[in-house]
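The values are calculated or read from the model by the stated rules, or taken from the named source; none is laboratory data. Keep in mind it's a predicted model, so treat the numbers as computed, not measured. Backbone-built Cβ (ideal geometry, glycine too); neighbour counts: all protein chains shown.
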Amino acid sequence: MSVDEFAPSDDLVSFADDAEAPPLPGTTPHCWRVLVVDDDDDVHRATAFALRGVKIFERPLQLLHARSGAEAWELVRAHPDIAVGLIDVVMETPDAGLELVRALREKGYREIRLVLRTGQPGYAPELAVISAYEIDDYRTKDEITQTRLITVLTGAIRSFEHLRRISHNRVGLELIVKSANRLFQRTNFELFCQGVLTQVASLVGVEAHGLVCAKTMNADGVANCRVVSAVGRLAHTLGKSIDESLDPAIAALCRDPNQPNPIFRDGGIAFHFTSSVEGQLFVYVEAKCEVAEEDVSLLALFSTNIAIAFENLSLIARLDRLAYIDPILEIPNLNAFEAALEVQRAKRTPAARMALMSVDSYDSIVAVHGPHTAHLLLRAVYRTLMEDGGEGLIAARIGDDTFALLGDPESLDAGLVGRAIAKPYTIEGIEIAVSATATLINLADVATDPAEAMRSASSALLHVERTHRGQVLPYNTSMRADVDRRFGLLTALRRVVNSGEGLWVALQPKVHLGTRRVVGAEALLRWTRDGEAISPAEFIPIAESGGLTQALTDFVVDAVGRWTRARTGQMPLPIAINLSMADLNNPGFARRLLTRVADAELTPETVEFEVTEGVVMQNAMWAISQLQALKSEGFKIALDDFGSGYSSLGYFDRLPIDTLKIDRVFITPLTVATARHSLAAIAVNMASIYNVGCVAEGVETAEQCQILEFLGCPVAQGFFLGRPIPIGEFAAKFLEA
Ligand code: C2E
Ligand code: MG
Ligand code: MG
């Protein structure tokens, strides 16, 4: 051994075969780093000599040399992945080595294995110190032969590797949980894709250079795979096709959904995901380093999370779109139309005109030709209107059989409506003649508030339907009759809310589809006035406009309370009570309702509440706090009429709800052939993702029951399973039979 073999000016003597650049942080180095700390140059030389060319577990060693505790610290900080420290006990001070060991452990370096060496046997540390600082071995320098040194290092490296894997997995799992949370919070596709790229890169410990491709079908059924998000070195690929952006071998993976997740190929990691709604997604991240075995299983786990988050995001995106699109005709809906009115109002063009047009006898068309043909007919009418009305025309479906139109008076006139129904339509070989009733309204003649304008227009259309069916009449103030009726009803309601005259409560059963047992009921308010049954769809909005809903809710609570008390001793049955929008917007509402419910001796076992999507969304923060107050007392909340297209579902998961009630519009079009991809299926899925219960509303046929059961919706409500009947007759008909 000569002095020349060890260059004292060099701190770091590499024995690795290929002295490569330091590996990227977080990846496994290609060699084991061993720190030699000794104030005696001979010891460094001897160690370097003894370990020259040695490989342990097939990896070479890289020695880092320090001559004092302080130098050792610098090296540890620069190389946090040192596997073993061979440390001299006596250096600048008699216990400098022990001090270094203590400091290492106290500063959290738990994985590095430590072997103490001393020239003087008297400086052996006490056993307590050996165990407290996790010292792996203690030897006098005389004892250490080459073989012994290699044996000691092998044992130490084995336990280092073991510890490193455990802690790496723990850190990896923590990262996955955090990443999944972040991904689940993304409600926007763009952010979601960026999130996936950064999370994958950080899991592997590389910088994010990657892309996300989405595979969709164009109108001709041809697959199109484009880069929808790209970062780092691949940022330039944004918007390009996958073939232009990636190596053909990797691009080919995109087309092969049978590959396992993740796929490692040519210095990159790829994942692919399929959503039932949004098509396929392909994620590629460059990782020009060896990915450790344990990282592969972490990535596989992570890919499951991405898949769920992607599916989740797709559902939200789809439902969000539905807020403005009629789910059956796929044309704008009431929300979209009101938004267009709002835009119109902002433009202050007084000449604009709107029309409401209903297809006459639509119910009969549905009954005779079936809903499918009826929908195709409506779509054909819509197309004719749009083609004839020209560019500026906006048309929307705002009711089963009703379109709303917005445009300028030159094109939007009685002629437009007349031409749309002049000829019979031929739908799937069947000729159907159509007539329509409409009213034309100059926006200058009605309130500027879109909701108010719609209210005037709707009462005008009702009026024309009643008095001049099949005609197109311009709106005029004599159409106030309907307004008068509303006013008459409001006045009458004011009288009856206190006396309860003519008011009564019906119950409709909720049935478990698997067992056909009645598992609950919904309380529906009824009002009979001078022998005429007034629909709650008519009088509830009137009560809301007159501030009477609280009294009506109290009436229902009391009736349900009496019914429940009369059943004391029998199996409790939860009765759902509908809450009004006006109720939820009322300060102190929840507190007051809870008192009323307690007075009626109702408990979370015997009563629950339903609120409509529109109600909740309109004044979200306030409504949520009111609902939370009910929920914190244990009462369950159902989101009613889900899917009827009121508003955006971006913050659906913030609502404190226990059950989703799927609206009839999602149930009516259900057929065996389309069930899997139906909107009802999405809603059932949504309920399961958010872990809430699910009830289908408006179930009218045995086939719908079967489909819903197949889709995993446990409970249903509808005329097929039981019509609403007076509360006094309910038990005999549905519970005691
Ligand atoms: P909702 O809460 O969604 O109630 C379900 C409505 O669907 C009820 O209409 C029910 O009779 C009807 N329905 C049930 N099964 C079927 C079916 O198979 N086919 C069809 N076509 N319809 C079915 P109803 O009783 O006319 O009530 C209309 C709406 O009025 C209710 O919708 C609810 O929003 C409101 N409402 C009813 N009672 C009250 C009440 O006590 N308070 C408040 N605030 N609102 C109420
Ligand atoms: Mg309801
Ligand atoms: Mg409903």
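The figures follow:
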| read-out | value |
| --- | --- |
| Criterion: more than 16 Å from ligand 3 (Cβ to nearest atom) and touching a Lys or Arg at 6+ places or on another chain (Cβ under 8 Å) - qualifying residue of Pro669, Pro656 | Pro656 |
| Tally of residues being within 16 Å of ligand 3 (Cβ to nearest atom), of a type in the set (Gly, Ala, Ser) and modelled with pLDDT under 90 across segment 598-642 | 1 |
| From Leu660, Leu670, residue being among the aliphatic types (A, V, I, L, M) and within 14 Å of ligand 2 (Cβ to nearest atom) | Leu660 |
| 1 or more residues over 22 Å from Arg164 (Cα atoms) and modelled with pLDDT of 90 or more: qualifying helices (runs of 4 or more DSSP H) within segment 48-150 | 69-78 |
| Qualifying residue in segment 557-580 (condition: of a type outside the set (Gly, Ala, Ser), at pLDDT below 90, within 16 Å of ligand 2 (Cβ to nearest atom) and surrounded by 15 or more Cβ atoms within 10 Å (Cβ to Cβ)) | no |
| Near pairs, Cβ below 7 angstrom, 6+ apart or cross-chain, from segment 338-349 (closer than 13 Å to Gly407 by Cβ) to any residue that is among the small types (Gly, Ala, Ser) and not in a helix (DSSP H, G or I) | Gln344/Ala352 |
| Residues being within 21 Å of Asp658 (Cβ to Cβ) and in contact with a Gly (Cβ under 9 Å, 6 or more places away or on another chain) - total across segment 573-595 | 5 |
| Members of segment 55-78 that are buried (at least 17 other Cβ atoms within 10 Å of the Cβ) and touching a Leu at 6+ places or on another chain (Cβ under 8 Å) | Ile56, Leu61, Gln62, Leu63, Leu64, His65, Ala66, Gly69, Ala72, Leu75, Val76 |
| Qualifying positions in segment 84-100 - under 22 Å from Ile56 (Cβ atoms) and of a type in the set (A, V, I, L, M) | Val84, Leu86, Ile87 |
| Residue pairs meeting the criteria (Cβ under 6 Å; at least 6 apart or on separate chains; first within 14 Å of Gln199 (Cβ to Cβ) and part of a loop (DSSP other than H, G, I, E, B), in segment 267-288; second modelled with pLDDT of 80 or more and among the aliphatic types (A, V, I, L, M)) | Ala287/Ile269 |
| Residue count for segment 529-549, restricted to those that are near ligand 1 (Cβ under 10 Å from one of its atoms) and over 12 Å from Leu503 (Cα atoms) | 7 |
| Check on Thr216, closer than 26 Å to Leu322 by Cβ, modelled with pLDDT under 75, part of a strand (DSSP E or B) and not aromatic (Phe, Trp, Tyr) | yes |
| Lone qualifier among Ala543, Ala537, Ala551, Ala582 - being closer than 28 Å to Val715 by Cα, of a type outside the set (S, T, N, Q) and assigned to a helix (DSSP H, G or I) | Ala537 |
| Helices (runs of 4 or more DSSP H) wholly inside segment 643-737 containing at least 1 residues that are at pLDDT 95 or above and under 30 Å from Trp527 (Cβ atoms) | 702-711, 727-730 |
| Condition met for Ile157 (in contact with a Gly (Cβ under 6 Å, 6 or more places away or on another chain), modelled with pLDDT of 80 or more, surrounded by 14 or more Cβ atoms within 10 Å (Cβ to Cβ) and hydrophobic (A, V, I, L, M, F, W, C)) | no |
| When residues of segment 537-581 are limited to those that are hydrophobic (A, V, I, L, M, F, W, C), closer than 20 Å to Phe635 by Cα and away from ligand 3 (no atom under 16 Å from the Cβ), the one nearest to the chain's Cα centre (by Cα) | Leu573 |
| Members of segment 309-326 found to be touching a residue at least 60 places away in the same chain (Cβ under 8 Å) and surrounded by fewer than 21 Cβ atoms within 10 Å (Cβ to Cβ), listed by number | Glu311, Ala317, Arg318, Asp320, Ala323, Tyr324, Ile325 |
| Residue within segment 505-517 that is within 29 Å of Ala420 (Cβ to Cβ) and either of a type in the set (Ser, Thr, Tyr) or surrounded by 20 or more Cβ atoms within 10 Å (Cβ to Cβ) (or both) present | no |
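The rows are residues; the columns are (1) assigned to a helix (DSSP H, G or I); (2) outside the structural domain of Ile432 (by TED's automatic domain parsing); (3) farther than 18 Å from Ala683 by Cα.
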site	(1), (2), (3)
Ile306	yes, yes, yes
Phe310	yes, yes, no
Leu315	yes, yes, no
Leu319	yes, yes, no
Leu329	no, yes, yes
Glu338	yes, yes, yes
Arg345	yes, yes, yes
Ser358	no, no, yes
Asp363	yes, no, yes
